[in-house]
Amino acid sequence: MSPKELSRLEIMQRLEEKRLRQKEASEMLGIGVRQVKRLLRAYLQAGAAGLVSKRRGRASNNQLDERVRQKALKLLHGKYRGFGPTLACEKLVELEGLKISDETVRQLMIGEGLWKARRAPKAVVHQLRERRACLGELVQIDGSPHAWFEERDSSCSLLVLIDDATGKLLGLRFVEQESFHTYACLVRAYFERWGKPAAFYSDKHSIFRFNGDTTLTQSEAETQFGRAMRELGIESVCANSPQAKGRVERVIQTLQDRLVKELCLRRISNMADGNAYLPEFIEDFNQRFAVSPRSPNDAHRPLTRHENLDHILSWQEPRLLSKNLTLQFKKVIYQIQTDRPSYALRNAQVLVCEDAAEQITILYKSKPLAYSIFHKQERIPQIVESKNLDLALVNQSKAHKPAPDHPWRKYPVPQKGTSVLCDSGDISTLG
């Protein structure tokens, strides 16, 4: 008998001996008087055995059907191997048509050794920050380099936009690496669909914040992204720590699990196909996880007809024309072509604009100038950030592949068991 049944037995014995009233027994057991009468009747008829549950040893009426269990296990070992319990349950229910709960899937995976129950981590206390009230009031922006296509393609970066008030994904884009132009393409598509948000919340990446000389003025230390957002009337805010922008950090962790597996299920193996699938993924993700904002107002503002995104979202640098009407930009010398007298443009300040396709436009008083390329300098060492080092090295190794007749290729290749320095095996023998 269980401890609960032994307690009932003791009370039934006291009732039989008239040492306890039925109302007092109901209060002690936490049941009604009618249930006490039923228990007493069963005890008087069958003794202690009458108090033992009749369901003991019998299968539950709510147990999982064996055919469903076997089908779920087959899929968990095969098609959905490596999936977490929650995501695996969603696929079993939505794609396979099984009636099963996420907790049942978790227990099945633990029993089969497909999932290890983890102890909850020790809670780290951070100062809580309430969500913004309106959609578009604060949009968190970040990028994540990761093996998004696993071994099917090389690693790339995923750029993420998420609304702080609702948790909605507002934009995703696969790119080779984080840069001003890739972020400009992302926010341009976002502006054209949703409008302009009140503020962007980012980390201290050099795309968003100047991390060099602190003695420079605010205008001198402004990045290209900051300049573009200022012209659009959007505030740029940088977080002091990853925890401060925890919403976008957590959603990236979720994407590194869910999105990777969705791409695998659909056999998507490159960025072009991945970007084509992302709108479908965003819609499904928002239906599952987005919440309602505290305020029904939308803080997005429409683009005005004076805001030319082609111009604002280009890389812009001012230059002074020389006496010969030339200027240098990114190791290339440009010669201005004009019919007017050359002295009219000497020492004039122009604005060099470069778009995502590396097309150059030179503006003087907001009007384009005709030009030709006078000289292109040889390649010189460039500064590469640590986040982009791997990609830079990969590209350089491909760019500087030795020619087929290179002297290095004429050296003998040592075989296993021989040495380059010795004809016979000795202390320097390989293998």
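One line per residue, one yes/no per condition, for (1) over 16 Å from Arg250 (Cβ atoms); (2) small (Gly, Ala, Ser); (3) in the same structural domain as Lys196 (by TED's automatic domain parsing); (4) assigned to a loop (DSSP other than H, G, I, E, B):
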{"residue": "Arg118", "(1), (2), (3), (4)": "yes, no, no, yes"}
{"residue": "Ala123", "(1), (2), (3), (4)": "no, yes, no, yes"}
{"residue": "Pro145", "(1), (2), (3), (4)": "yes, no, yes, no"}
{"residue": "Trp148", "(1), (2), (3), (4)": "yes, no, yes, yes"}
{"residue": "Ser154", "(1), (2), (3), (4)": "yes, yes, yes, yes"}
Out of (1) under 21 Å from Ser314 (Cβ atoms); (2) touching a residue at least 60 places away in the same chain (Cβ under 8 Å); (3) not basic (Lys, Arg), the odd one out for Ser155 is which?
-> (1)
Could you list, in sequence order, all residues of region 1-12 that are free of Cβ contacts under 8 Å to residues at least 24 places away in the same chain and touching a helix residue (DSSP H, G or I) at 6+ places or on another chain (Cβ under 8 Å)?
-> Ser7, Ile11
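Please determine, by comparing only the residues of region 323-352 that are small (Gly, Ala, Ser) and exposed (fewer than 14 other Cβ atoms within 10 Å of the Cβ), which one is farthest from His375 (Cα to Cα).
Within region 323-352, the match that is farthest from His375 (Cα to Cα) is Ala344.
Here is a yes/no grid of residues against (1) at pLDDT below 90; (2) over 23 Å from His300 (Cβ atoms); (3) touching a Pro at 6+ places or on another chain (Cβ under 9 Å); (4) not assigned by TED's automatic domain parsing to the domain that holds Leu161:
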| residue | (1), (2), (3), (4) |
| --- | --- |
| Thr217 | yes, yes, no, no |
| Ala221 | yes, yes, no, no |
| Gly226 | no, no, no, no |
| Glu231 | no, no, no, no |
| Ser236 | no, no, no, no |
| Asn240 | yes, yes, no, no |
| Arg247 | no, no, no, no |
| Leu255 | no, yes, no, no |
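Residue-wise test of (1) part of a helix (DSSP H, G or I); (2) at pLDDT 95 or above.
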| site | (1), (2) |
| --- | --- |
| Gly212 | no, no |
| Gln243 | yes, no |
| Ser269 | no, no |
| Leu278 | yes, yes |
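Let's see how each residue does on (1) surrounded by fewer than 18 Cβ atoms within 10 Å (Cβ to Cβ); (2) part of a loop (DSSP other than H, G, I, E, B):
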{"position": "Leu40", "(1), (2)": "no, no"}
{"position": "Arg55", "(1), (2)": "yes, yes"}
{"position": "Gln70", "(1), (2)": "yes, no"}
{"position": "Phe83", "(1), (2)": "no, yes"}
{"position": "Leu98", "(1), (2)": "no, yes"}
{"position": "Arg106", "(1), (2)": "no, no"}
So is Thr361 among the polar types (S, T, N, Q) and assigned to a loop (DSSP other than H, G, I, E, B) or not?
-> no
Failed condition for Asn297, given (1) loosely packed, with under 15 Cβ neighbours inside 10 Å; (2) farther than 26 Å from Leu138 by Cβ; (3) not aromatic (Phe, Trp, Tyr) | (2)
Sort through Ser179, Ser202, Ser155 and tell me the only one that's among the polar types (S, T, N, Q) and more than 15 Å from the chain's Cα centre (by Cα).
-> Ser179
Evaluate the following for Leu51: is it farther than 30 Å from Leu114 by Cβ, out of contact with any Ser or Thr (no Cβ under 6 Å at 6 or more places or on another chain) and at pLDDT below 85?
-> yes
Identify all residues within region 120-157 that are of a type outside the set (A, V, I, L, M, F, W, C) and touching a Lys or Arg at 6+ places or on another chain (Cβ under 6 Å); write none if there are none.
-> Gln140
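Listed here are the residues, each with its yes/no results for (1) part of a loop (DSSP other than H, G, I, E, B); (2) modelled with pLDDT of 90 or more; (3) not charged (D, E, K, R).
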position: Ser322; (1), (2), (3): yes, yes, yes
position: Gln328; (1), (2), (3): no, yes, yes
position: Ile333; (1), (2), (3): no, yes, yes
position: Ser372; (1), (2), (3): no, yes, yes
position: Glu378; (1), (2), (3): yes, no, no
position: Lys398; (1), (2), (3): no, no, no
position: Asp405; (1), (2), (3): yes, no, no
position: Arg409; (1), (2), (3): no, no, no
In region 253-277, residues that are surrounded by fewer than 18 Cβ atoms within 10 Å (Cβ to Cβ) and β-branched (Val, Ile, Thr) total 2
Residue count, region 271-306, condition under 17 Å from the mean Cα position of the chain (by Cα) and in contact (Cβ under 8 Å) with a residue 60 or more places away in the chain, comes to 10
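The values are calculated or read from the model by the stated rules, or taken from the named source; none is laboratory data. Computed from a predicted model, the values in this text were never measured in an experiment. Glycine also receives a Cβ, built like all others from the backbone with ideal geometry; neighbour counts cover every protein chain displayed.
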